[in-house]
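Student: Here it is: the structure, laid out below.
Derivation of every value follows stated rules applied to the coordinates shown; laboratory data play no part. For clarity, every value in this text was computed on a predicted model and none was experimentally measured. Ideal geometry is used to build each Cβ from the backbone, glycine not excepted, and the neighbour counts take in all protein chains shown.
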Amino acid sequence: MINLKNYQKEFEEALKYSQEYPFDLDCKDIIEKWYQNKKHFIDLFGGTPIIQSDEIVEFTLSTEDRSKYFNDFVNRIHNNGWAYYKYNNLSLKDFLWQSEAGFFDNKVTADPQMIGKIKIGDKLIKSLKYFFEDKKELRMCQDLASEYVQKNKIKGHIFFSVDPIDFLLASENNENWRSCHALDGEYRAGNLSYLLDETTVMVYLASADREHMRVIPSNYEAASKKVRLYIHIAENIMYYGKMYPFDLPHLRVYIKEVINQFYDKAGFSSRRNFLMPEQIGFNRIQLPNGDHATLDENCFFYWGDIVKSSDVIKQSEHALNYYDLIYSSTYRPYASFSQQGYYYTSGIVDKFTIHIGEDVPCALGCGNAVVSENTFICPTCREKMGAWHDYFDHCVDCGIRLFEDDTYYCSNAGLMFCESCYDPYYDEDDDDDY
Ligand SMILES: [Zn+2]
Ligand SMILES: [Zn+2]
């Protein structure tokens, strides 16, 4: 049995803490609307807002993402000044390029003529020792390499969730990734637009143990998501949102199977039986002269018909979420049709239509809607409370939120930085010039 009062209290505490609001919140409207619109999913999950897979699931990265991460790794080798360290006349950079094929298996595949004492098939991370004189630099480089190699295999339980805290913490984790839906991000209130609609479920991969995160009160723990996406389910179609921080194609297939099992158990099997995920969206076209052009928004195609995403993905007037499905220039959307939608629904628009993203009631409980994506308070209450700005500090350089223990204060300029933007140069004494 869902006790809405408990959900409300927990949600208010977490939201208040995350934004450092100096006043109490009233999120009764939010929790009631949540329950009303997500109840059909809670019922589908057997009376609970979160379902966790029994088994531990393991995925490997797509070839595309592997090559993206490999490039990223080599760039960091460059940035650290190690790219031209040499062994046997072979630069570290060339050694790595020649070993790209084995990189994620931690195996040397470089040219045997060039690599001296190192042998093909040796452990790549171990063999880095030939390129470094400084032990500390070697250790740093090996740590970096193993951080990247580990990304290839990702393991955990899969969670299907419509839980309010999970939605609030959509892009909060201890895994070193973020998105514009982070709680200091420009679309943070959009988490609640997804929380309050009738179609969105969050799916994530995480360990079964919950963890503390800095944005929630010290006695709270939550799932630290290694990979997260939203799915949006309508009568005839299920859309898959963009996966963060990287794409796991097999996860979509897994999701489709589990969702079908849920509907099967609930007796919907004849209507809700989703087919394999397909990439249906596109945002680039080829012009008659051979050039490519990027469109302002994604379009879908279906048996030769084309439809603009914004014509079928409907939203509420003040929905605050970022629509990856419509506007992302890097994500080409996937969807699964239901068997019924695929065979029996006529008209392309009927097959694709869905409502994603609801208006968000003010967290002070005044009844108005929030209209800016980066706050949880309506304009009237912002005025009344003087709450025009965040109550927490941001790095002046990159804008990321600053927590007390990692704020770097530059006393000369009176500015605050995060660890990666701070440069000791700012604090150097000018007295030497005199
Ligand atoms: Zn208000
Ligand atoms: Zn910064």
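Student: Counting helices only, and only those DSSP H runs with n ≥ 4, report the 222 nm mean residue ellipticity of the chain as the sum of -39,500 (n - 2.57) divided by its residues, in deg cm²/dmol to the nearest 500.
Tutor: Value at 222 nm, helices only: -9000 deg cm²/dmol.
Student: Out of the DSSP beta bridges found with both residues in the chain, what percent are antiparallel (nearest 5)?
Tutor: Just about 95 percent of them are antiparallel.
Student: How about the range 1-51: which chymotrypsin sites (Phe, Trp or Tyr not before Pro) there are in a DSSP loop, with at most 15 other Cβ atoms within 10 Å of their Cβ?
Tutor: Here the chymotrypsin sites (Phe, Trp or Tyr not before Pro) that fit, given the DSSP loop and packing criteria, are F23.
Student: Once the piece of chain linking H250 and E55 is laid out straight, how much longer is it, given 0.36 nm per residue of separation minus the C-alpha distance between them?
Tutor: In short, 68.6 nm is gained.
Student: How compact and how long is the range 124-200, expressed as Rg and Dmax of its alpha-carbon atoms in Å?
Tutor: Rg, Dmax (Cα atoms, Å): 19.2, 59.
Student: Tell me, Kirkwood radius of the range 62-149 from alpha-carbon pair distances, in Å?
Tutor: Taking every pair of different Cα atoms in the range 62-149, averaging 1/r and inverting gives 12.8 Å.
Student: Provide the packing ranking of 349-359, 62-72, 105-115, i.e. peptides ordered by the mean count of other C-beta atoms within 10 Å per residue, highest first.
Tutor: The most tightly packed comes first, giving 349-359, 105-115, 62-72.
Student: Another question, if that's okay. Could you give the C-alpha radius of gyration of the chain expressed as a fraction of 2.2 N^0.38 Å, taking N as the number of residues it contains?
Tutor: Rg over 2.2 N^0.38 Å, computed on Cα atoms: 1.12.
Student: Based only on the alpha carbon positions, what is the Kirkwood hydrodynamic radius of the range 159-290, in angstrom?
Tutor: 16.3 Å
Student: Determine which lysines satisfy two conditions relative to K86: a Cα distance under 26 Å, and not lying fewer than 8 residues away in the same chain.
Tutor: Partners found: K68, K107, K117, K119, K123, K126, K129, K135, K136.
Student: Another question, then. Ordered by packing density, taken as the mean number of other Cβ atoms within 10 Å over each peptide's residues, highest first, how do 396-407, 317-328, 125-136 rank?
Tutor: 317-328, 125-136, 396-407
Student: Between Q36 and D264, what's the calculated FRET efficiency when r is the beta-carbon distance and R0 is 25 Å? Round to 0.05.
Tutor: So the FRET efficiency works out to roughly 0.50.
Student: Which of I237, I280 has the fewest other C-beta atoms within 10 Å, and how do the rest follow up to the most?
Tutor: I280, I237
Student: Another question, then. Cα centroids of the range 317-378 and the range 160-220: how far apart, whole angstrom?
Tutor: What the calculation gives is 17 Å, centre to centre.
Student: Note the full-extension length gain between F392 and E419 as 0.36 nm times their separation in residues minus their Cα-Cα distance, in nm to one decimal.
Tutor: 8.1 nm
Student: Now, a different point. Per 0.36 nm of contour for each residue apart, how much would the distance between H212 and Y344 grow if the chain were fully extended, relative to their Cα-Cα spacing?
Tutor: Between H212 and Y344, full extension yields an extra 42.7 nm.
Student: In percent, how large is the relative contact order of the chain, given Cα pairs closer than 8 Å and 6 or more residues apart?
Tutor: Answer for the chain is 15 percent.
Student: Mind checking the angle between helix 135-151 and the chain's longest principal axis? C-alpha axes, 0 to 90 degrees, to the nearest 10.
Tutor: Helix 135-151 sits roughly 30 degrees off the main axis of the chain.
Student: Where does helix 4-19 land angle-wise versus the long Cα axis of the chain, in degrees 0 to 90, nearest 10?
Tutor: Long axis of 4-19 versus the principal axis of the chain: about 40 degrees.
Student: At a threshold of 8 angstrom on Cα-Cα distance, excluding pairs fewer than six apart, so keeping six or more, what relative contact order does the range 62-149 reach in percent?
Tutor: This gives 25 percent for the range 62-149.
Student: Next question, about the same structure. Once the range 279-434 is represented by equal point scatterers at the alpha-carbon sites, with solvent omitted, what log10 I(q)/I(0) does the Debye formula produce at q = 0.14 Å⁻¹?
Tutor: Result of the Debye calculation: -0.92.
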